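Report on the following structure.
Read the figures in this text as sums done on the coordinates, not as results from a lab. Note that the structure is predicted; figures quoted are calculated from it, not measured. Don't worry about glycine lacking a Cβ; one is built from the backbone with ideal geometry, like all the others, and counts go over all protein chains shown.
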Amino acid sequence: MADPNITIVAPSCPRCGTPRAQRVARSPVPGAWEMHLCGTCFYSWRSTEPAYATTPEGIARGFRIDPATLSLGKVMPAVPPLRETVAQSDEPPRT
Ligand SMILES: [Zn+2]
């Protein structure tokens, strides 16, 4: 069990480097773990996860994000046109 006297400081985001990620949850046992969320890239992690998920050096290079490029990302797939419903069609409703 973790030392309850240890204070976990909200770190910067290991994925994009945004300072002061938001703490969104704490363990029921004080000091055991905390859950953090980055408001820039929406990466979330628990303080007890391995370095590959919690430190900038451990995050895989291909998984890192430069916040300056977030607006250049591709748009989510377009919503397809709505299908014609019975109310919109000229056909009589099926019974
Ligand atoms: Zn981030």
Quiz item: If you line up the Cα atoms of the range 8-60 on their principal axes, what length do they span on each, largest first, in Å?
Solution: 30, 21, 15
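With a 10 Å Cβ neighbour count serving as the proxy for reagent exposure, in which order, fewest first, do E57, E84, E34 appear?
The fewest-first ordering by Cβ neighbours comes to E57, E84, E34.
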Quiz item: When R64, R83 are ordered from fewest to most other Cβ atoms inside 10 Å of their Cβ, what list results?
Solution: R83, R64
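For the residues M76, M35, what sequence is obtained by ranking on other C-beta atoms within 10 Å, fewest first?
M76, M35
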Quiz item: Once you charge only the Cβ atoms, +1 for Lys and Arg and -1 for Asp and Glu, what is the size of the charge dipole of the range 8-60 about its Cα centre, to the nearest 20 debye?
Solution: 160
